[in-house]
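In what follows, a single structure is set out as structure tokens and then discussed.
Each reported figure results from applying straightforward, stated rules to the coordinates on display, with no laboratory input. As the structure is a computational prediction, the values presented were derived from the model and not from experiment. Here the Cβ is made from the backbone with ideal geometry for all residues, glycine too, and neighbour counts use every protein chain on show.
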Amino acid sequence: MLPHSRLFPALPFTAPLNAEHIRTALSTAGQRTLAHLVCHQQLDSTNTELLRQAAAGAPSATVCLAEYQTAGRGRRGRKWVSPFGNLYLSLLWRYSLPPAALGGMSLVVGVITAEVLQALGAQHLSLKWPNDLLWQKKKLAGLLLEVSAKSSTASTLIIGIGINVLTSTIENSTIDQPWTALNQVLTEQTVDRNLLAARLLDALFLALTDYEHTGLAPFLDRWRVFDQWQGQRVQLRCGEQQIIGIHAGIANDGALRLNTANGLQQFHAGEVSLRSITTDEYHRDILIKSTNDI
Ligand code: BTN
């Protein structure tokens with residue numbers, strides 16, 4: 001068996017996660033809302049852990065974090081590479097709403113994460129629909145929301161947030177897209193992950209409570225502040241299908257609006273990904289499309 005120090009190496013730039021430090025850094029309202037918070041050295045996935053806890057009856061506002069995930073999960077069945085040094089946080093929230101009413105939640109959590117990082121000094125952040133958080137077009141954080149329901153009026157939401165904090169720990173990992181980490185964004189300061197977790201939880205508790213009464217509406221303009229894709233040519237992948245169009249912003253229900261060769265179309269979160277394309281790619285695709293249409 002490996003010694004503890006090899007399994008859980010001391011991290012040079014970031015203090016270990018500490019449940020007590022996170023609790024103390026929460027606002028008074030946050031401390032009142034929080035039900036349980038546990039920091040693990042290692043887990044398969046913080047989301048998977050909360051799925052297990054939810055099935056066993058854990059209350060709303062149960063939180064878990066891990067220093068390291070052996071089976072971190074990303075959107076659309078992808079793996080989330082999870083070495084030491086980053087932030088892996090999940091929050092369980094119970095709603096008296098049907099799952100269909102939580103469609104906009106993915107955008108809400110995206111905007112909250114962006115605002116929290118901005119308040120800690122991160123500038124030039126952008127959100128790529130539905131909720132990838134980017135810095136200079138490189139992925140800084142990813143969000144995985146999982147909803148389940150026992151009845152039509154009771155939903156359980158698990159929010160998983162993965163924020164890249166240290167590039168040094170990710171460097172040798174295989175990640176299939178451009179990525180960055182907070183130590184490149186906040187070059188003047190070291191990142192206190194306990195404080196970051198507390199700020200995220202405080203802001204999420206407020207937003208999740210508000211959402212039950214207001215829905216997505218008050219979050220839309222806040223989301224648009226971080227939208228750098230509107231007006232750009234983009235390609236959307238829906239399973240095997242690829243759709244080219246001009247990004248026309250987000251609709252009031254959080255859907256992505258795309259001006260395509262077939263007119264304005266709307267797409268909902270879940271199975272689509274988005275990437276910007278060059279003018280050449282755009283014209284080539286439109287040309288192929290119109291030839292096929294004839
Ligand atoms: C994405 O594909 O962009 C979403 C990545 C979400 C990763 C986070 S890390 C904490 C939580 N636990 C997981 O297994 N996944 C989420």
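Here residue 128 is the anchor, and the lysines within straight C-alpha reach of less than 21 Å, apart from those fewer than 8 places off in the same chain, are 79, 137, 138, 139.
With θ taken as phi - 60° and the Karplus curve 6.51 cos²θ - 1.76 cosθ + 1.60 applied, the whole-hertz 3J(HN,Hα) list for the stretch 101-108 is 6, 9, x, x, 4, 4, 6, 4 Hz, x standing for glycine and proline. Taking the Cα centre of the stretch 188-252 as origin and assigning +1 to Lys and Arg Cβ atoms and -1 to Asp and Glu Cβ atoms, the resulting dipole is close to 240 debye. Residues in the stretch 35-51 carry Karplus couplings, in order, of 8, 9, 9, 10, 9, 9, 5, 8, 9, 5, 7, 5, 5, 4, 4, 6, 4 Hz; the curve used is 6.51 cos²θ - 1.76 cosθ + 1.60 with θ = phi - 60°, and Gly or Pro positions show x. Its convex hull of Cα atoms gives the stretch 4-224 a direction-averaged projected area, equal to a quarter of the hull surface, of 11.9 nm². Summarising the amide proton neighbourhood of residue 248: residues at separation of 5 or more, or on other chains, whose placed amide H is nearer than 5 Å comprise 231, 257, 258, 259. Footprinting exposure proxy ranking of 240, 20, fewest other C-beta atoms within 10 angstrom first, gives 240, 20. Computed about the Cα centre, the dipole magnitude for the stretch 4-224 is approximately 440 debye when only Lys and Arg (+1) and Asp and Glu (-1) carry charge, each at its Cβ.
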